[in-house]
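Remarks on the structure that follows.
The values are calculated or read from the model by the stated rules, or taken from the named source; none is laboratory data. This one's a predicted model, so the numbers in the text were calculated from it and none came from an experiment. Here the Cβ positions follow ideal geometry from the backbone for every residue, glycine too, while neighbour counts run over all protein chains shown.
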C-alpha cells in the first residue's frame, strides 16, 4: 500500500515539474523578446505609444498562464486523491488467446455486459414490485409503519388478485376437461367398435376394424370400409335384392371393395375368401342404375359395363348372380363365352344387339365378336377383370389387352392425380381381382389403371381360415380305398374330387359310380350341355360327389 502511494506521489511531482519547466521556457522566450525590444529602443527605434500597450498584454498572458498552471496542479491533486481512496481502472492489455483457449468460455464480465439497463422492469421497478411501506417515524407508529394503511393496501391487493387466481384455476379445470374429452374421444378403451355408432368411430376404431378383418390398403383417397349393408349407400332396390339373396353380413372383400366401387375409383384387389362376385357386381349395378336405360336408339353403342372372366363356367355363374341382384333394376345381363358352334355365336351376338347393360364374357370370344363387328364398346365405362392372374396363366393377356385397347381412351383418368377432373365427363372405372399379383398382372394394372387403390384381404396366396387343409402321403394303390373311406365318413355332404387329367377323371368317376356313390363328372371333353347338366345336378344335390379336372377349379 505504501509503495502504491509513493508511486502516485512521484507521478504527481513529475507532472508538476513538467508543467513548471514548460512555464519557465515560455518566460525565457518572453524575456529574450523583451531584451530584443530594449535593444531596438537603444538603437533609436521609436515604437510610439504601442510599446506600453504590448507590454501590458504580455503581462496579462503571463498571469493567465500562471492561473492555468495552478488549476492544472489542483486537478492533478484531485486525481491523485481519487486514485488513493477509490482506486483507478487500469487499461487492460489485449492478450492473444492460445488456440486451445480460443473457444473457452470467459467468466470475466464487464459493466457494458449488464443487460438490466434495457430491462423494462428495471427501468420501472414500481410496476414490477409493490411499493415499500410508508415509513412515518416520529408520529407515534410502531417502527414508523401505519398498520391501518398496510391493511388497506393488503385488502386492495387481495381484491385485485382473487379474480385472477380464480380465473387461472377455472382455466386449468377447462384444460383438464378438454384433455379428458380428447382422450375419451380418441381412445374409448371401455367400448368396442362394434358397440359404437358409425359417427362415434375414431381412427383407432377403424384401425382395429381393419385389423380384425385383415383388410389393408395401399393408395390415396381411400374411403372408410362398410360395416353394415344399411350403411353402404346402395339403393333401396339393391339392398332388397341383397337381403333376398341371403347376404346377412358383408364379407371382408365386400366391406373394402364396395365403397371404392361406389366412389368409382380404380381398384386392384388381392383377395382370399368369399363374396367376391357381390363385391364388384353391386357397385357395377349401382353405376348402371344411374344411367339411362339401353333403348332402340342407343343399343348400337354397346353395353355400359363389362366383366371379363377366364372360363365359360365362371361367365355363366357370374352372369346368373348379377342378374339375381339386378332383378328390381330392370338391368339385362348377357354371358358371352366360347366353346359353342356358329349358332351359339349368333345367339350371343343377337342378345347383345337387342340391347343389354352388362356383358360377362371370356376374353377370346369377346375379341372374336369385336373383330366380326357384332359387338362395340363405345359407351362402356365400367370394366371388371375377375381372376386376372388366372387369365394371364391361361394365356389371355394379349386378348385382354386387345379388348381394352378397343374401348375409347378419351375417358381414361389423367395420370396426374392432382389434376382436376371434369365433373361433366364420365371416366372409366376399372376393377381388377386377383388371388396373387405376379409381374404380368402388375404390368396390366400399370397400363390400364390410373392411381389405383390396392386392397389386400388376408395374406396373398394363403387359403382362408374357413378352410382346413390336411395332407396324406399315400401310395398309388392306397388312394382309392382311402377316398372311399373319406366319402363314407362325409355321408351326404357335397364333395369335389379334383384330378390332374381328363383320363384320370373318367377313371375315378367310374370307380366311384361302381361303388354306389352319387357321382357326376366335369372335364373339357364334355359338351356345353353335358357340363351344364353336371353342374346343375351337383347344385341341386342330385349328386353329392363331383369328379372334375382343372376346368372346375374356378
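Condition first: in contact with a helix residue (DSSP H, G or I) (Cβ under 8 Å, 6 or more places away or on another chain) and more than 16 Å from residue 545 (Cβ to Cβ). Now tell me which residues in segment 472-487 satisfy that.
472, 474
Mind checking which residues of segment 290-331 are in a loop (DSSP other than H, G, I, E, B), touching a strand residue (DSSP E or B) at 6+ places or on another chain (Cβ under 7 Å) and farther than 24 Å from residue 549 by Cα? Explain how you work it out, then say what you get.
Step one: list which residues in segment 290-331 are in a loop (DSSP other than H, G, I, E, B), which gives 290-298, 302-304, 309-311, 326-331.
If we keep only those that are touching a strand residue (DSSP E or B) at 6+ places or on another chain (Cβ under 7 Å) too, we end up with 303-304, 309, 326, 331.
Once the filter is applied, which keeps residues that are in a loop (DSSP other than H, G, I, E, B), touching a strand residue (DSSP E or B) at 6+ places or on another chain (Cβ under 7 Å) and farther than 24 Å from residue 549 by Cα, segment 290-331 yields 303, 304, 326, 331.
Does residue 51 meet the test of being modelled with pLDDT under 70, more than 60 Å from the chain's Cα centre (by Cα) and either closer than 19 Å to residue 14 by Cβ or not in a helix (DSSP H, G or I) (or both)?
Details: modelled with pLDDT under 70: yes; more than 60 Å from the chain's Cα centre (by Cα): yes; either closer than 19 Å to residue 14 by Cβ or not in a helix (DSSP H, G or I) (or both): no.
So residue 51 fails the test.
For the list (1) in contact (Cβ under 8 Å) with a residue 60 or more places away in the chain; (2) touching a strand residue (DSSP E or B) at 6+ places or on another chain (Cβ under 8 Å); (3) closer than 22 Å to residue 432 by Cα, I need the number of the one condition that residue 336 fails.
Answer for residue 336: the failing condition is (1).
With respect to residue 395, is the statement that it is at pLDDT below 90, touching a helix residue (DSSP H, G or I) at 6+ places or on another chain (Cβ under 8 Å) and either assigned to a loop (DSSP other than H, G, I, E, B) or outside the structural domain of residue 302 (by TED's automatic domain parsing) (or both) true? Spell out the reasoning first.
Numbers: at pLDDT below 90: yes; touching a helix residue (DSSP H, G or I) at 6+ places or on another chain (Cβ under 8 Å): no; either assigned to a loop (DSSP other than H, G, I, E, B) or outside the structural domain of residue 302 (by TED's automatic domain parsing) (or both): yes.
Here the answer is no, as residue 395 does not meet what is asked.
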